[in-house]
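The values are calculated or read from the model by the stated rules, or taken from the named source; none is laboratory data. Here the structure is a predicted model, which is why all the values come from computation and not from measurement. We place every Cβ from the backbone using ideal geometry, glycine too, and count neighbours over all the protein chains shown. Surface accessibility is based on the protein's heavy atoms, side chains included, excluding ligands, DNA and RNA. Shrake-Rupley method; radii C 1.70, N 1.55, O 1.52, S 1.80 Å.
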Amino acid sequence: MTDFFKSIQPIKYEGPESTNEFSFRHYDPDEVLLGKRMEEHLRFAVAYWHSFAWQGGDPFGGQTFERPWYADTMEGAKLKADAAFELFDILGTPFYAFHDLDARPEGATFAESKRNLEEIVDYLGNKQASHKAKLLWGTANMFTHRRWMSGAATNPDPEVYAYAAATVKSCLDATLKLGGQNYVLWGGREGYETLLNTDLKRERAHAGRFLQQVVDYAHKIGFKGSILIEPKPQEPSKHQYDYDVATVYGFLKDFGLEKEVKVNIEQGHAILAGHSFEHEIATAAALGIFGSIDMNRNDYQSGWDTDQFPNNHAEKALAFYEILRAGGYTTGGTNFDAKVRRQSLDAEDLVLAHVGGMDTCARALRAAAYMFEDGPLEAARNARYAGWDREGAKAMLAQPLEVIAQAVEDNNINPKPRSGRQERLENLWNHYI
Ligand code: XLS
Ligand code: NI
Ligand code: NI
């Protein structure tokens, strides 16, 4: 036991009228929606890096938080794990996610870093055995240390490629050992600053080969979880290769990996790519590569990845609606890739940020379930495409262009525009939230 969270008791569902800050007003894990408990729909995860490793720095100033586990030693790492599981217990979250660097001290050599990781993985494994929280996904931090500054798999230096391969191997081993349900690859430094020093074609080929090697190794060790790429544009490099879901799909297709790898979609990254969160989710679902989400909210003005906790359930309802339409999660979940602001110093801030985020998602999911279940929205969409149910319309898709052209003249086809009913549908959305 650490004394970091002091007397904060496990958070319980008390309903929307509760005046107790330390309660869920909307997240009732046992509430059944569409035949499934809310907890199983949402599959919440806490992100180790934001809540336990990040120290409150920004580009203008360093650490603002004080935490007893900040010493970069094995003792510090174990204390951090103790505190992390205390938070998971307080929140009742079924999952967490981590990078190697979040959980273990960096060693002087690769071998030492690997030993440190193995030791902490055993420690986390023991924690998992006696606590509720399990691993949603593991990943490698291949962006913080200066060795990664020019990329990992796309680095011009083959020794860095090798180091990246060794790093991902050790993190896949760790994820397998902890029963992780997914393995995530966010291409942190996979991108470039200037074409004047970059061989774009070669870097892309290396990234494709690397991913194939990762997939092969995952099969070899019997990893049954999903491998996920997390798209993100423009940050940290000016040009990030995994720009958005559609770009990642093109890349996967190119290397024949579209059946092996799915995506982990983050709200803030969608916004930075000039999309909405729901657009990215719907695109992934349509392409058959929807995996998991990183839940947060991005500032709409700042132009960088602000990773704030979500607090707008109306907006998130549109995202959960697309997730429900896609059939919900299989191995995926709702990972809070979100951090408290650097002035939010206290243990209470960390707990209540998650409570608010979980309540926001619960409201959003409930609204999304109504949108999905009640039918008028689905019915309106079906009606809009009803013309395609006609035999003649279907047959047209198999005909050559000139046959279709002839039919337009022969039958004097003259389409009549029909309302898209957008505002009426938005009114429905407003009604359900
Ligand atoms: C950074 C990413 C990162 C990934 C995991 O922007 O969101 O946190 O989720 O490496
Ligand atoms: Ni993320
Ligand atoms: Ni992010």
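Computed from the C-beta positions of Tyr217 and Lys132, the FRET efficiency with R₀ = 41 Å rounds to 0.85. The residues of the chain present an accessible area of 49 Å² per residue when probed at 1.4 Å with all protein chains retained. Could you tell me what percent of the accessible area of the chain is made up of carbon and sulfur, with a 1.4 Å probe and every protein chain present? Result for the chain: 52 percent of the exposed heavy-atom area is carbon or sulfur. Distance in nm between label sites at Glu14 and Asn312, each 7 Å beyond Cα in the beta-carbon direction? My value for the distance between the label points is 2.9 nm. Per residue, the average separation of C-alpha pairs within less than 8 Å and at least 6 apart gives the chain a relative contact order of 15 percent.
Our estimate of slack between Phe22 and Asp72, defined as 0.36 nm per intervening residue step minus the Cα-Cα distance, is 14.8 nm. Each part gets one Cα centre, and for segment 53-94 versus segment 398-433 those centres are 55 Å apart.
Please go through the residue pairs Lys134/Lys316; Lys134/Lys177; Lys262/Lys339; Lys6/Lys114 and name each one whose alpha carbons sit more than 22 Å apart in this structure. Going by Cα-Cα distance, Lys134/Lys316; Lys262/Lys339; Lys6/Lys114 fall outside the 22 Å limit. For the chain, what log10 I(q)/I(0) values come out of the Debye formula at q = 0.08 1/Å, with one point per alpha carbon and no solvent? The Cα Debye sum returns log10 ratios of -0.49. Think of segment 67-177 as a dipole: +1 on every Lys or Arg Cβ, -1 on every Asp or Glu Cβ, centred on the Cα centre; then among Gly76, Leu172, Thr109, Leu172 lies furthest on the positive end.
At full extension, Ala166 and Glu119 could sit 15.2 nm farther apart than now, given 0.36 nm per residue minus the alpha carbon distance.
Can you list the residues of segment 168-195 with backbone N under 20 Å from a point 7 Å past the Cα of Lys238, pointing along Cα to Cβ? Only 188-195 fall inside the zone, counting backbone N under 20 Å. Our note on the geometry: Cα centres of segment 311-325 and segment 205-241, 27 Å apart. The simple Förster model, with R0 at 45 Å and r as the Cβ-Cβ distance, assigns Gln55 and Leu34 a FRET efficiency of 0.65.
In a reduced charge model with +1 at each Lys and Arg Cβ and -1 at each Asp and Glu Cβ, the chain shows a dipole moment near 700 debye about its Cα centre.
Report the residues of segment 137-153 in range of a label on Thr194: point 7 Å along Cα→C-beta, backbone N strictly under 19 Å from it. From segment 137-153, the list is 149-151.
Here the peptides 76-82, 393-399 are ranked by packing, the mean other Cβ count within 10 Å, and the order with the highest first is 76-82, 393-399. State the percent of C-alpha pairs, over all pairs in segment 308-422, separated by a distance greater than 20 angstrom. Counting every Cα pair in segment 308-422, those more than 20 Å apart make up 63 percent. Normalised by 2.2 N^0.38 Å, with N the number of residues, the alpha-carbon radius of gyration of segment 51-108 equals 1.20.
Working from label points 7 Å from Cα in the Cα-to-Cβ sense, the Asp82 to Ser7 distance is 2.1 nm. With the convex hull drawn over the C-alpha atoms of segment 122-256, the volume per residue is 115 Å³. Here the dipole of segment 137-210 is about 120 debye; that uses its Cα centre as origin and unit charges on the Cβ of Lys and Arg (positive) and Asp and Glu (negative). Under the convention that each Lys and Arg Cβ holds +1 and each Asp and Glu Cβ holds -1, the size of the dipole of segment 238-297 around its Cα centre is about 20 debye.
With the highest mean first, a sort of the peptides 103-110, 349-356 on other beta-carbon atoms found within 10 angstrom per residue produces 349-356, 103-110.
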